[in-house]
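The values are calculated or read from the model by the stated rules, or taken from the named source; none is laboratory data. Bear in mind the structure is a predicted one, so any value in this text is a computation, not a measurement. Neighbour counts run over all protein chains shown; Cβ positions are idealised from the backbone, glycine included.
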Amino acid sequence: MAIIIDGHVHIYPTFPTAEFFDAAFNNFAEAMQLHGTSLEADAVIFLTEGEGHDVFSIIRDQAETPGGAPSDSLRFLKTEETDSLVAEKNGRTVFIFPGRQYVSTEKIEILSLFYSEPISDKSLSLMSLAERINESGGVIVVPWGVGKWLGKRGQLVTELIEASNDAILFLGDNGNRPLFWPTPAQFAHARKNGIYLLSGSDPLPLASHCGRVGTSGSMLMEGELSRDLPAKSLLKLLNDGEKLTEFGSRFKPCSFLYDQLCLKL
């Protein structure tokens, strides 16, 4: 059994929920086929939500409300945990876990997985945010961002890698990094320090990105999630340092430039 993870997911208000989860089911299945493995896989998405967004709570409310699902065939189911849900359709399932996206004073993004409470203090540095997440029991992921790991800010990411100590820390790549963009040097430095990549698709707030979920991320080639306590079982696997491998493809230059132009407009 394998576990396939999209560790950086946003569901924007413009994304139709049923369409979004159809894409998740289909893209995860395609990723397993392209990866050349016959293993069955548990599929996982982390909702790494920005300030003012709490889609996880909305989905949880739909799981608790009879007839609250967005379509007759798509259902949201509760587990025995407060920090996990299951999306189910026609026998296929995706586990949903909460997360939060913060921005440090240096304008570097950092993700908290399994811990999704807002942090009101906007004066925290990258190192301080990482410490706050670790103290709260969250898993720290520093995701790559366009131009955000260059120069002095790139050095801050390197310093965090070297200072990680006992914190559960990952770096994250994503499918928005275009083919022409070199692999960040911090990735190799992290591996030398025993730190893996926990990556994701990182959908942008563009209509075309509703179907991006599950197109890139990380995989655990051995492991299985408990149906009742999936967050607890996945956290244990990540805490044990199980090796993650990447899946997915990079953006073509024209697609990358088009998306960046749309964001600016």
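Could you give every pair whose Cβ atoms fall below 9 Å, whose first residue belongs to region 213-230 and is more than 12 Å from Ile3 (Cα to Cα), and whose second residue is basic (Lys, Arg), counting only separations of at least 6 or pairs across chains?
Ser216/Arg250
Of everything in region 102-117, what is buried (at least 20 other Cβ atoms within 10 Å of the Cβ) and of a type in the set (Val, Ile, Thr)? Give them in sequence order.
The answer is Ile108, Ile110.
State all residues of region 177-212 that are in a loop (DSSP other than H, G, I, E, B), farther than 17 Å from Val139 by Cβ and among the hydroxyl-bearing types (Ser, Thr, Tyr); if no residue qualifies, say none.
Within region 177-212, Thr183, Ser201 qualify.
Leu229: within 17 Å of Val139 (Cβ to Cβ) and at pLDDT 90 or above, yes or no?
Spelling it out, Leu229 is indeed within 17 Å of Val139 (Cβ to Cβ) and at pLDDT 90 or above.
Report yes if some residue within region 115-129 is at positive phi and not in a strand (DSSP E or B); otherwise report no.
There is no residue in region 115-129 that is at positive phi and not in a strand (DSSP E or B).
Sort out which residues of region 13-41 are at pLDDT below 95, closer than 26 Å to Glu117 by Cβ and crowded, with 17+ Cβ neighbours inside 10 Å, and write them in order of number.
Selection gives Thr17 alone.
Can you name every residue in region 232-265 that is part of a helix (DSSP H, G or I) and under 27 Å from Gly138 (Cα atoms)?
The answer is Lys232, Ser233, Leu234, Leu235, Lys236, Leu237, Leu238, Asn239.
Give the residue, chosen from Ala31, Ala24, that is under 14 Å from Lys89 (Cα atoms) and touching a residue at least 40 places away in the same chain (Cβ under 8 Å).
Just a single option satisfies the conditions, and that option is Ala24.
Select from region 114-149 the residues that are in contact with a strand residue (DSSP E or B) (Cβ under 7 Å, 6 or more places away or on another chain), without any contact (Cβ under 8 Å) to a residue 60 or more places away in the chain and among the aliphatic types (A, V, I, L, M) and write down the one among them that is nearest to Val55 (Cα to Cα).
Looking at the filtered set, the residue picked out is Ile119.
Residue by residue through region 155-208, note down the ones that are touching a residue at least 60 places away in the same chain (Cβ under 8 Å) and more than 30 Å from Cys262 (Cβ to Cβ).
Correct list: Ile168 only.
Yes or no: Glu80 over 30 Å from Val146 (Cα atoms), exposed (fewer than 14 other Cβ atoms within 10 Å of the Cβ) and modelled with pLDDT of 95 or more?
Taking the combined requirement at face value, the residue satisfies it.
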